[in-house]
Amino acid sequence: MTTSWRMTRRGALKLGAAATAATTLPLVHIRSSYAAGKLKCGFWDHWVPGADVILKKQVDEWGKKNHVDVEVDFITSNGNKLQVTAAAEAQAGAGHDLMSFFTWDTHNYHAKLEPMDDVVKELSSKAGPFNKVSEYLAKIDGHWMSVPTSWGTQTKPSCARISLFKKYINVDVTKMYPNHKEANEGADWTYDGNFIKAAEAAFKDKHAFGLGLGQTTDSIDWVGALFHAYGAELVDAQGKSQVKSEAVNSVLEYAQKLVKFLPPDTISYDDASNNRSLISGQGALIFNPPSAWAVAKRDAPKVAEDCWTFPNPAGPKGRYVPFLGYYWGVWKFSKAQTAAKDLITFLMQRSSVEQREPYTVGYDIPPQNSMMDFKIWETVEPPKGTVYNYPIRPWHDAIPSLAAAPAPADIAVQIYNGAVLPTMLAKLKSGSSIKDVVAWADNEVQGYMQP
């Protein structure tokens, strides 16, 4: 299960003024006049049942040690309540001190957030740099305006049926990407190689890949990774349209072949559709966090026992895996900024992050690569190690992907929330020509680029 966040073109994000220059604050909590008061935190309500318990426990322990009374609210993303809450607090200038933000929210509210350069510097000095997707979304005009968190952060790699892949392409995916570090076996895990061969065979066998071309994040993210794998950008980092480029034409030529093998209802997929495809035993492969496998473990154990997670296929320009992150920020209006920063620093220490992982069954992905060696991913079963390759590991030769990047954020968010990328493929699925799809996308992008 993943979070969807849709916005109309007219309602798309309008970025405000440049971020306020960072103010250096001490990282060690100082017992000042607010120490006897409250620190109010708005955390995302985790999908994994019972996961909130460990985060609340950690917060309570920190509060007791630092003599701070911490009030915690867990806010669901269902119905966009998390985003609605953040919007209301930004407008009112009141609410939580520490707030959870979804993908594009830091850019939306950066002018109302306290710079977090000091926190990021401290965390980076201990656990290394944050990945490039996190930096793109949280660092604005040279300043970190929120802190990337592991809480809820996910990748969306392949989750395939072991038996069906043996049947379709004679490949044992557990050996292609084993549950330990070694050279991969069973080569040619590329879009134009074994991926499309398996997709065609699965479609003919009535086990079509559960890949959507709908309007929500699962569809947007996997198609975004496909575009990146072909070097295709709708808008480049300088803000120039690339819709009519050779790279975009190349990925559409490939997609024209692939969409023939996607489910008949692929255009109407939401973020639960691919989960249902796997759990029901219908789909041979999906791109998703292990939430679908976890539900299958409970409701369809025979399916779960036959599932294996491994990276997305590679394209001519590399292997890209969708990365969907959450962020923690502190409002400028907060009177407990130092305490909020200190709490975030504590919660993102390696020991704190690792302590939470068993409670989330390995769902959460740390945004710092040095933490990809936690044992949790080796031990989850059945089968043992089934999600070992859920994190992006160095030997995967994979790159975190954010659909619509590297376009400037004010344009990228509109491309993302407008679901332009999956809609392009949906049009191909419906019979439109590549020429017509390019013309439609170009019109959309030109509209987004207007001042």
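When you scan the stretch 403-410, do you find a residue that is under 26 Å from residue 153 (Cα atoms), among the acidic types (Asp, Glu) and either outside any strand (DSSP E or B) or more than 20 Å from the chain's Cα centre (by Cα) (or both), even just one?
Within the stretch 403-410, the first condition is being under 26 Å from residue 153 (Cα atoms), and the residues that meet it are 403-410.
Checking the rest, the ones that are also among the acidic types (Asp, Glu) come to 410.
Right, trim to either outside any strand (DSSP E or B) or more than 20 Å from the chain's Cα centre (by Cα) (or both) and you get 410.
Taking every residue of the stretch 403-410 in turn, at least one turns out to be under 26 Å from residue 153 (Cα atoms), among the acidic types (Asp, Glu) and either outside any strand (DSSP E or B) or more than 20 Å from the chain's Cα centre (by Cα) (or both).
So how many residues does the stretch 223-266 have that are assigned to a helix (DSSP H, G or I) and within 25 Å of residue 283 (Cα to Cα)?
Summing the residues that are assigned to a helix (DSSP H, G or I) and within 25 Å of residue 283 (Cα to Cα) in the stretch 223-266 gives 19.
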Item to complete: Return a yes/no flag: does the stretch 118-130 have any residue that is at pLDDT below 95 and in the same structural domain as residue 45 (by TED's automatic domain parsing).
Response: no
A careful count of residues in the stretch 270-321 that are in contact with a Pro (Cβ under 8 Å, 6 or more places away or on another chain), surrounded by fewer than 21 Cβ atoms within 10 Å (Cβ to Cβ) and assigned to a helix (DSSP H, G or I) gives 2
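The values are calculated or read from the model by the stated rules, or taken from the named source; none is laboratory data. This one's a predicted model, so the numbers in the text were calculated from it and none came from an experiment. Counting neighbours? That spans all protein chains shown, and the Cβs are built from the backbone with ideal geometry, glycine included.
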